[in-house]
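Here is the structure we will look at.
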Amino acid sequence: MDIGLDIFLQVMVWGLYAGCIYILLATGLNLIFGVMKVVNFAHGQLLMIGAYVTFSFFVLTGFNPYVLLAASIPILIVIGVSIERLCFRPILGTGKLNEIFISIGLIYILENVAAMIWSDEWKVIQSPFEAITVTIGSMKIPVDYLIIIVTTVVILVGLYLFLKKSRLGLAVRATSQNRKAAMLVGINVERMDMLSFGIGAGLAGAAGTLWVVSGQVFNPYMGSVPAVKAFAIVIIGGLGSIPGAIIGGLILGIAENFTVFTIGGAWKDAVAFLILIIVLIIKPTGLFGEEAE
Amino acid sequence: MMEKNRVVLYLTIAALVCAVLFPLVTGLNVYYLTVLIIMVIFIIFASAWNFLTYSGQGSLGHAAFFGIGGYISTLIAVKSGLTPYLTIFIGGAAAAAVGLFIGIICVRMKEWFLAMVTFGFAVIIQVLVASQFSSVTGGWDGVAAPPLISNTVPNYLVYEYYSILLIAVMVILLFRTILNSKIGLAFSAIRENELEARAAGIDPVRYKLLAFMVSAYFAGLAGALEIHYLGYVTPEIFGVDISFWPIIYSISGGLGTLAGPIIGTIVITLLWDGLQSLGLTYGRFIIIGVILVLVVIFLPRGLVSLPEEIKKRAPKWKVRFNKLLSK
């Protein structure tokens, strides 16, 4: 198949935009894993809640949905902190599979609470900028894609500055590197757990808002597909590695869009899994993963 | 210890007698029979899932094997005209083959990876079966599956129930035999400490793959039974729900015990049907979710450990109760 340079670039931009939502999810997962050594399997459901929060505020206030990031992120942070406090803290350090079981309970609770509040019909909203496209060279890019990419970059830069420059961020990184040593130097590791879970949930909330803004449909049970892709990214990039999540997200977003363009849309969701398997066969710890203990 | 074994034996026999007599006592009531059949099928499914955890592994996507068993058995039964009582074993074998493939990829991984890969696999296979292979699988409409016993036979449900019950008993006896053998010992060695197991000359990869295949085989068998009983199969069989039920049953009953999945399936199914008759559509999922979270936190060894826990805590309660009285 002959693909010209302009089409190639176009698909790259689509991939970048698609990757952004996955990156936000996967970064949150990795942050939580880094600090707590826990995988939150209900992470896709947090995205779903973020999408519905955005939807509700949009219907109520009519604000520009991008502004509603200011609602979805704090609300999801509160939800995340409560989940950590109520469900994950009691089982920290117990059986290896317990966090997975807790997550399943959470998936049931979150999905069906959402279905009770918002009904289980598919919903969609229109972005105010839907009709606007930007022409760069021969490419036509919807302005929404650009805003989503920029928003994601801003959020990630913010997270980077927080982790690298602030004392609290330093404490988070210390806990992530060595929990016991962090405890010894007087870091309240349980507070770090709460903080990282809150930030992770907030990132999922932001991903939910972006999901809604980009005009994708959602219902209470939609969380598992983006979650599976986030897991794939986490494995591709390496568990606990935030740069890995970003690169993995870009790889997946671009690969998905090339698949749609060349083989067909039906394979879009399968490609994540294929990449995942290839990476696992070549490098089981992921591209940027720490060696397993 | 001997005493306890005898109690367990009596309880098992009593449970079996109940399972055999129940349809007869209720006058072959069709509603009870359907509930019982689904229950016994899910006992096989949950036991198969639970078998995997003996080797320290966990799967979040057993619906993949359940569904593959169902689809392969159906397709072969339709094409060849063989009785489903034979094709279910072929369905199980297909599931085991796929299980081997998944197992090879993730057997060296930590439990999180295995859970993620299996979870993802079930989601992806649903998409593939619904769209890519729709010429064979009928897409989202599914295919009709031949029944285990033709519904022209009088009381066919009764025969189906007893045959499925027989299969379930044999499967659980087989699991018991495996787990009491050297293989079971190797499983628990790997589960407790993989490094030490390797030092003792146990090859963890081989045993983990074996556990994965056996588990996938019987999950596929259960799936095939379910599909032939229902009479049709759609890609919804790969749904997240189907992956989660055996986990919920096993955990609430008691992980890593033979009785756990059985007790869990019975209790949760009855609770589920009870909640349904109360008209709670979303509420029942929420209640099940809350129960799961509470069990993991407060009763990590499941309902099986309830008598023990009560015995352990009873003296404390007694003291407290007496204090209350003396006030």
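Side notes on the structure shown:
- Yes/no for residue B:304 being within 21 Å of residue B:42 (Cβ to Cβ), more than 14 Å from chain A (Cβ to nearest Cβ), touching a residue at least 12 places away in the same chain (Cβ under 8 Å) and among the hydrophobic types (A, V, I, L, M, F, W, C): yes
Residues checked against (1) surrounded by fewer than 24 Cβ atoms within 10 Å (Cβ to Cβ); (2) more than 21 Å from residue B:211 (Cβ to Cβ):
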position	(1), (2)
B:35	yes, yes
B:42	no, no
B:61	no, no
B:81	yes, yes
B:87	no, yes
B:106	no, no
B:127	yes, yes
B:132	yes, yes
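- Residue match in the range B:248-257 (condition: among the hydrophobic types (A, V, I, L, M, F, W, C), in a helix (DSSP H, G or I) and either modelled with pLDDT under 90 or surrounded by fewer than 24 Cβ atoms within 10 Å (Cβ to Cβ) (or both)): no
- Note on the range B:94-140: among residues that are hydroxyl-bearing (Ser, Thr, Tyr) and within 11 Å of chain A (Cβ to nearest Cβ), the one that is nearest to the chain's Cα centre (by Cα) is B:118.
- Each residue in the range A:212-238 was checked for being buried (at least 24 other Cβ atoms within 10 Å of the Cβ) and aromatic (Phe, Trp, Tyr), and 2 pass.
- Hey, residue B:273 of a type outside the set (Ser, Thr, Tyr) and without any contact (Cβ under 8 Å) to a residue 12 or more places away in the chain or not: no
- None of B:296, B:214, B:290 is assigned to a helix (DSSP H, G or I), surrounded by fewer than 16 Cβ atoms within 10 Å (Cβ to Cβ) and either under 16 Å from the mean Cα position of the chain (by Cα) or within 13 Å of another protein chain (Cβ to nearest Cβ) (or both) except B:290.
- Test: residue in the range A:154-166 that is free of Cβ contacts under 8 Å to residues at least 40 places away in the same chain, of a type in the set (S, T, N, Q) and more than 10 Å from chain B (Cβ to nearest Cβ): yes
- Cβ-Cβ under 9 Å pairs, at least 6 apart or on other chains, the range A:89-114 side free of Cβ contacts under 8 Å to residues at least 60 places away in the same chain and within 7 Å of chain B (Cβ to nearest Cβ), far side of a type in the set (Val, Ile, Thr) and in a loop (DSSP other than H, G, I, E, B): A:91/A:38; A:102/A:38
- Looking only at the range B:156-184, and only at residues there that are within 19 Å of the chain's Cα centre (by Cα) and over 20 Å from residue B:19 (Cβ atoms), the one that is surrounded by the fewest Cβ atoms within 10 Å (Cβ to Cβ): B:177
The values are calculated or read from the model by the stated rules, or taken from the named source; none is laboratory data. Keep in mind that this is a model prediction, so the values were computed, not measured. Glycine also receives a Cβ, built like all others from the backbone with ideal geometry; neighbour counts cover every protein chain displayed.
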